[in-house]
Amino acid sequence: MELLLALLLVLAFLLAALGLALPPWRRPAAIALLAIALLAVGHGLLGPAERTLVTEHGYAGFEGAALEVSVVAFPTGTATAPGWQWPLPFLGFAVLWASVLLLLRDRRPANGYVLPILFAWTGIAAWLGMQACAAPSAVVQPVGIDRVLWPAGLAMALLVARHAGSLASLFLGLSLATVVARLPAALFSKYASDHQLGTSLDISSIRDIVNPLTQMQFNPRLVSGSSEQQFWLIWLEHVIAYPAFYTLSVAGIAFAAYMFHKHGEPAGKK
């Protein structure tokens, strides 16, 4: 049941993002958001009286005695809360964005960046809130924050492509906006790491990562709390590597949408 619920939450984020960009999807997406949120609330009410979640952060390293680099799931903290609480952050997110989708009706946002960025920021908050409320591991791990941020990037690509003046401005805008969308995760990761708060964004105790340039562990090992450790595990990840990956992953979609709006869409519908 928890795996099914996790898949439904991923579907909810994706449908909501598509609803931002595509007016015909808005009402179905709003209904799906609220229905999945209510299903999650029911799961919380009927589940254990108390839940415990061991949060994890994935990093590139050597698992045990392995000789090849893989993604290592490193425990970063423990959260315990009453079982009925974990769906509440997602319920708040669902009510907010279902309302936004219904209020938009058939209107297209004048600015293609604002709503997707707000979607990303509130999604990050909901994801962290579910961790603090000890959500089932499958709901918040693995994939984690990317179950929110990739749909936000998809919505942004579809919206910005409609009004972009050129391909250069389209790709440059997507690159910068992707960094802005992920910036709260980086800032919270630094705060959580400095204060050892736990959650998947606390990297304070992770030291045995692989240097991406040499494919070997850092020698000497990274020092906990050092600027070097935070660069490799926070700033490189959230401000450089993932934004670049996201921009590349949605660039083809943005290009196709741009060409459609410029050359394929009937003039009366632009």
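What follows draws every value from the coordinates through simple rules; no lab data is involved. None of these values were measured; they are calculated from a predicted model. No Cβ is skipped: glycine too gets one built from the backbone with ideal geometry, and neighbour counts run over all protein chains shown.
Suppose we flag GluC sites (Glu not before Pro) only when DSSP calls them loop and at most 13 other Cβ atoms lie within 10 Å. Which is the longest uninterrupted stretch of the chain?
Counting only loop sites that pass the neighbour cut-off, the longest clear stretch is 69-270.
Whole number please: convex hull volume per residue of the Cα set in region 2-269, in Å³?
133
Charges on Cβ only, +1 for Lys and Arg, -1 for Asp and Glu, centred on the Cα centroid of the chain; of 173, 120, 219, which one is farthest towards the dipole's positive end?
Of the listed residues, the answer is 173.
Each label point is 7 Å from the Cα along the Cα-to-Cβ direction; what then is the distance between the points at residue 167 and residue 191, in nm?
4.1
Does anyone have the angle between helix 2-21 and the longest principal axis of the chain? Alpha-carbon axes, 0 to 90°, nearest 10?
Orientation of helix 2-21: about 40 degrees from the principal axis.
Counting Lys and Arg as +1 and Asp and Glu as -1, each charge on the Cβ, what is the dipole of the chain about the Cα centre in debye, to the nearest 20?
For the chain, the charge dipole is close to 1220 debye.
Hey, what angle do you get for helix 242-259 against the long axis of the chain, alpha-carbon based, 0 to 90 degrees rounded to 10?
Taking Cα atoms only, the helix is inclined about 10 degrees.
Would you mind computing, in nm to one decimal, how far apart the modelled labels at residue 217 and residue 22 are, each placed 7 Å from Cα along Cα→Cβ?
The modelled label-to-label distance comes out at 4.7 nm.
So between residue 106 and residue 208, what do we pick up on full extension, going 0.36 nm a residue minus the alpha carbon distance?
My answer for the length gained is 31.6 nm.
In degrees from 0 to 90, rounded to the nearest 10, what is the angle of the helix 88-104 Cα long axis to the longest principal axis of the chain?
Around 20 degrees separate the two axes.
Give me log10 I(q)/I(0) at q = 0.15, 0.16, 0.20 Å⁻¹ for region 176-250, Debye formula, one equal scatterer per alpha-carbon, no solvent.
-0.53, -0.60, -0.87
Just how far, in whole angstrom, is region 99-128 from region 166-236 if you go by their alpha carbon centroids?
Using only Cα atoms, the two centres lie 25 Å from each other.
Which whole-angstrom value gives the distance between the alpha carbon centres of region 135-155 and region 31-45?
Using only Cα atoms to place each centre, the spacing works out to 17 Å.
Label residue 3 and residue 118 with points 7 Å out from Cα along Cα→Cβ: what is the distance between them in nm?
Roughly 3.8 nm, to one decimal.
Per 10 Å bin, what is the whole-percent P(r) computed from every C-alpha pair distance within region 20-127?
13, 29, 26, 22, 9, 1
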